[in-house]
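The values are calculated or read from the model by the stated rules, or taken from the named source; none is laboratory data. The shown structure was predicted, so the numbers you read here are calculated from the model rather than taken from an experiment. Reconstructed Cβ throughout: ideal geometry from the backbone, glycine too, with neighbour counts over all protein chains shown. The area values use the complete protein model at the heavy-atom level, side chains included, leaving out ligands, DNA and RNA. Shrake-Rupley method; radii C 1.70, N 1.55, O 1.52, S 1.80 Å.
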Amino acid sequence: MNPLASSPALQDHLRILVVEDDPESLQMMGALLAVWGHDPVLVPGGPEALTALSGGMPDVILPDLGLPGMDGFEVARKVRCLPNGGDSVLIVAVTAFRSDEHQRQAWEAGFDKYLM
């Protein structure tokens, strides 16, 4: 089952930017998304995510919240301020953080969904 296909607004083939500092998790998420028929773009951190956006806005961004340096909250805030469609991309938090405070911070940063 493809959980990203459950939304009627999503297409079958999505360009998805995955931002994850753990190399094994990054590769696993990329492989899974590719098997589901999507086009994953894999980057290890926030600055690399913003650089990747210069090639065009993806359909979905999946940033880990606990990134070193520029965390996922900052990535979402910066994306939402971009003039090239940052307000239209779906941003989904991918995290092991389970607190209400982290969820509140995610909504304030501009995330659309929160996956734990």
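Structure notes:
- Check on Glu24, of a type in the set (D, E, K, R), out of contact with any strand residue (DSSP E or B) (no Cβ under 8 Å at 6 or more places or on another chain), at pLDDT 95 or above and within 20 Å of Met116 (Cβ to Cβ): yes
- Test: Ile91 is open to solvent by less than 40 Å² (accessible area, probe 1.4 Å), in contact with a Leu (Cβ under 7 Å, 6 or more places away or on another chain), assigned to a strand (DSSP E or B) and within 18 Å of Glu20 (Cα to Cα): no
- Sub-6 Å Cβ pairs linking a first residue in segment 23-39 that is at positive phi to a second residue that is open to solvent by 80 Å² or more (accessible area, probe 1.4 Å), at least 6 apart or interchain, are Gly37/His13, ordered by first then second residue.
- Those residues of segment 37-59 which are under 17 Å from Asp71 (Cβ atoms), touching a helix residue (DSSP H, G or I) at 6+ places or on another chain (Cβ under 8 Å) and open to solvent by 20 Å² or more (accessible area, probe 1.4 Å), in sequence order: Pro44, Leu50
- Qualifying position, being within 12 Å of the chain's Cα centre (by Cα) and either assigned to a loop (DSSP other than H, G, I, E, B) or at pLDDT 95 or above (or both), among Pro58, Pro47: Pro58
- Residue among Ala76, Ala34 that alone is under 23 Å from His13 (Cα atoms), open to solvent by less than 40 Å² (accessible area, probe 1.4 Å) and either assigned to a loop (DSSP other than H, G, I, E, B) or at pLDDT 95 or above (or both): Ala76
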